[in-house]
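Notes for the one structure printed next.
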Amino acid sequence: MRPMPQKTIIAPSILAADFSRLGHEVRTVSNADWIHIDVMDGHFVPNLSFGLPVAQSIVGLTDKHLDVHLMIEDPARWAPGYALDFDSVTFHLEAVESVEAAVELAATLRAEGTLAGVAIKPGTSVEPLLEHLSDFDIVLVMSVEPGFGGQKFMPEVLDKVRALRERIDSEGLHTIIEIDGGIGPETASESAAAGVDAYVAGSSVFGKPDPVERITAIRSAITSRL
Ligand code: DX5
Ligand code: ZN
């Protein structure tokens, strides 16, 4: 089968945005492809962000694809509640019992009409997922420990990206490889060379005086490597 061309999806994370004017922040990043929404429960990660009601307040502020990243325990209980309102819902492999449980939850999410994603922390092997890539629309590779923005990119996770790219292309799948954590122009460029499709960027976009230019800089760094 012919490999799918790599995509270039830039997804600013609102974790780094000014929460007192989310509407303004979301509208500012007019050249973004997706908006990334980080939900943290203070248990799966040592930080608490917000839950479904705040996430839902973003629906209607933009026509862009809304990409939810659930850093929570017991995603089988909570993730389906996000499926109706959001374009993609990603939960952590470490938060479910097995890869089979992850496949089952992804099927539930897809049946609700959203794209289903699975995320892995920097220390989690990608190997068990490789046999099941057609069951997921997104594999999110964390390039920092989940929980906080503004951390340093861990280049060693790019080995997992390369393994995913190879398997996705050899099977002719459409699964999106997303990278999350420490992304700016330079690390986006390294990630592009490894085979990433979707780039989450928090502190390097929001919180800067010129978010639109920051996205343009990330996009050109990626394009020059593809
Ligand atoms: C971290 C979150 C990220 C975070 C990225 O746990 O999943 O999406 O917002 O922030 P930066 O880009 O600042 O590393
Ligand atoms: Zn995230």
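Numbers at a glance
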quantity	calculated
Segments classed as helices (runs of 4 or more DSSP H), wholly inside the stretch 36-147, with at least 3 members that are closer than 30 Å to residue 159 by Cα and open to solvent by less than 10 Å² (accessible area, probe 1.4 Å)	99-111
Test for residue 220: is it open to solvent by 20 Å² or more (accessible area, probe 1.4 Å), out of contact with any helix residue (DSSP H, G or I) (no Cβ under 6 Å at 6 or more places or on another chain) and either of a type in the set (S, T, N, Q) or closer than 23 Å to residue 136 by Cα (or both)	yes
Residues located in the stretch 190-221, provided they are away from ligand 1 (no atom under 15 Å from the Cβ) and part of a helix (DSSP H, G or I)	192, 193, 194, 212, 213, 216, 219, 220
Selection count, the stretch 163-185, where residues are farther than 18 Å from residue 117 by Cβ and assigned to a strand (DSSP E or B)	0
The stretch 11-34, residues that are farther than 20 Å from residue 145 by Cα, outside any helix (DSSP H, G or I) and of a type outside the set (S, T, N, Q)	18, 29, 32, 33, 34
Which listed residue, of 152, 160, is open to solvent by 20 Å² or more (accessible area, probe 1.4 Å), in a loop (DSSP other than H, G, I, E, B), away from ligand 2 (no atom under 15 Å from the Cβ) and at pLDDT 95 or above	152
The stretch 182-201 residues that are closer than 12 Å to residue 224 by Cβ and open to solvent by 10 Å² or more (accessible area, probe 1.4 Å), paired with ones that are basic (Lys, Arg) and assigned to a helix (DSSP H, G or I) (beta carbon under 7 Å, 6 or more apart)	none
Among the candidates 18, 33, 63, 85, residue that is away from ligand 2 (no atom under 16 Å from the Cβ), within 17 Å of the chain's Cα centre (by Cα) and more than 25 Å from residue 126 (Cα to Cα)	85
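The values are calculated or read from the model by the stated rules, or taken from the named source; none is laboratory data. Note that the structure is predicted; figures quoted are calculated from it, not measured. Note that we place each Cβ from the backbone using ideal geometry, even for glycine, and neighbour counts take in every protein chain shown. Side chains are part of the model used for accessible areas, which takes the heavy atoms of the whole protein and leaves out ligands, DNA and RNA. Shrake-Rupley method; radii C 1.70, N 1.55, O 1.52, S 1.80 Å.
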